[in-house]
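Chemist: Okay, handing you the structure first.
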Amino acid sequence: MRILVAGMLAAGAAIAALAPGAAAQTVKLQAGDDDELRAVYATSVEVAEGGRIAQDSCARCHGANGVSATKGVPHLAGQRAAYLDLQLRAYRHSARIQGAMTGAVRYLSDDALVKVAAYYASLDPPRPAAAPAKAAPAKADPVQAGKGAAAACGGCHGELGVSKMPGMPSLVGLDPKYFAAAVNAYKSGQRKHDMMKSVVGGLSAESLNNMALFYALQKPAKAETPAPGDAAAGKAAAAACAACHGDLGVSGNPATPSVAGQDAEYVAAALRAYKDGARKDESMKGPAATLDERAMRDIAAYYAGQQPQPLNVRRPLTTAEWTERCDRCHGPNGNSTDPLMPRLAAQRADWLEQILHAYRSGARKSTAMAAMSALMSEGDVKELSAHYARQGARAVTYVVLPPAGKKRDK
């Protein structure tokens, strides 16, 4: 086992001097790690040779000093050597496909890639991107914004979306996608309701999405309204509904509403509207057509008695919360001390956006990054990328220490 001590250095500082506030980090390496970390151990001769190769093969896109001036092309200067080596090998062996990169490294040996990676790692990191001349306004909390937008709805649907008025639906327990689609149907006139159309007509898409999120995050509860009808008979009559709305009225499909705990009078009215064609939905037209008034009331009573369930909806993270999660792997302010983990600080924002989109789409493979990026909104991607582009970059020096108890060669 080898042990590396990684120290973050200010660009151009002496090897022995740790950058202010940067602590040394010990990285223990298991047997077999040397192949992944060979660029870390490159000699000064190999670094110089890597520089000659880089000028011929890489400088046209990545800049003569590893600082890119081309949109969508990353800075390489000061990047972690082992990480660069692994990425270059991935392009060379077609584990990662990108036309320009694949062509650039196709005829380079693995040994040459090690030298190129070590060369770029030895350069001073780029300067961080300048902060905007005019600071952008702080992003509003979407849940609080949704609560404000929903204030006008409380009189009919309940302050927190749990109805206390017969005939008015509860708004909790509805997937945000379904909620938004239903409100847009009222806005467009697809669902006929003059009062609803006037209330939601002026809602922006952002306000609507915020409202949907606010209601989705509220604790679900049954509507506080009467439920006339025979719930036991309704259970038998609702058997055909379970395929779409769930056995107990809790839907597993964002396009299909949950009806557990819903106001009984509203459910019965909706079934009548599907039956007589006032509401258009081919999947509901057939089932509703076979129901008489009694069956509708019984089904409504059955679902009103079921317990609505919390949704698998997450409260959006702030940029500060996202960076705290990213820094766990990529180091404080994006300055990784792990030789296999890329530095994000002072990287081009457009490149970071491009990479996050690639992880979200699956074009770039990483279980951890796919899980993280899948939860990000487009706004999160842009704000995170801009944040790291503005952070000061630090170079890292790795010092190999002999295992404890092993005598040094004389």
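Quick note: the coordinates plus some simple rules give every number you see, no bench work behind them. Just so we're clear, the structure is a prediction, and the values are computed from it rather than from any experiment. Glycine gets a Cβ as well: all are built from the backbone with ideal geometry, and neighbour counts include every protein chain shown.
Chemist: If each residue's Cβ is checked for other Cβ atoms within 10 Å, how do His387, His75, His93 rank with the fewest at the top?
Modeler: By the 10 Å Cβ count, ascending: His93, His387, His75.
Chemist: Right, next: Just need log10 I(q)/I(0) for the range 157-226 at q = 0.12, 0.14, 0.20, 0.26 Å⁻¹, Debye formula, equal scatterers on the alpha-carbon atoms, no solvent, rounded to two decimals.
Modeler: -0.31, -0.42, -0.85, -1.23
Chemist: Angle between the Cα long axis of helix 205-216 and the longest principal axis of the chain, 0 to 90 degrees, nearest 10?
Modeler: Tilt of helix 205-216: around 80 degrees.
Chemist: Then there's this: Can you sort Leu174, Leu352 so the residue with the fewest Cβ neighbours within 10 Å comes first?
Modeler: Ordered by Cβ neighbours within 10 Å, fewest first: Leu352, Leu174.
Chemist: Along the charge dipole of the chain, Cβ charges K/R +1 and D/E -1, which of Met376, Pro310, Ala346 sits furthest on the positive end?
Modeler: It is Ala346, whose Cα lies furthest towards the positive end.
Chemist: From the alpha carbon gyration tensor of the range 94-169, can you work out the equivalent ellipsoid semi-axes (sqrt of 5 times each eigenvalue) and give them in Å, largest to smallest?
Modeler: Equivalent ellipsoid semi-axes, largest first: 59, 22, 10 Å.
Chemist: Find the relative contact order for the range 159-304 and round it to a whole percent, using C-alpha pairs within less than 8 Å whose residues are 6+ positions apart.
Modeler: Value for the range 159-304: 31 percent.
Chemist: Continuing with the same structure: What is the spread of the Cα atoms of the range 159-304 along each of their three principal axes, largest first, in whole Å?
Modeler: 42, 32, 27
Chemist: Expressed in nm², what is the orientationally averaged projection area of the convex hull enclosing the Cα positions of the range 318-369?
Modeler: Hull-based average projected area comes out at 3.9 nm².
Chemist: To continue, here is another question. Which angle between 0 and 90 degrees, to the nearest 10, do you get for helix 44-57 versus the longest principal axis of the chain when only C-alpha atoms count?
Modeler: In the chain, helix 44-57 runs at an angle near 60 degrees to the longest axis.
Chemist: If Rh is defined by the Kirkwood formula over all Cα pairs and Rg also comes from Cα, what ratio Rg/Rh do you get for the chain?
Modeler: Rounded to two decimals, Rg/Rh equals 1.16.
Chemist: Considering only Cα-Cα distances, which of the following residue pairs are longer than 21 Å: Lys164/Lys235; Lys71/Lys382; Lys177/Lys280; Lys164/Lys222?
Modeler: Violating the 21 Å limit, Cα to Cα: Lys164/Lys235.
Chemist: Relative contact order, percent, of the chain when contacts are C-alpha pairs under 8 Å separated by at least 6 residues?
Modeler: 21 percent
Chemist: How big is the equivalent ellipsoid of the range 269-410 along its three axes, where each semi-axis is √(5λ) from the Cα gyration tensor, reported in whole Å from largest to smallest?
Modeler: Listed largest to smallest, the semi-axes of the range 269-410 are 57, 19, 14 Å.
Chemist: How do Asp350, Asp35 rank when sorted from fewest to most other Cβ atoms within 10 Å of their own Cβ?
Modeler: Asp35, Asp350
Chemist: To the nearest 10 degrees, how steep is helix 349-361 against the longest Cα principal axis of the chain, on a 0 to 90 scale?
Modeler: Between helix and principal axis, roughly 60 degrees.
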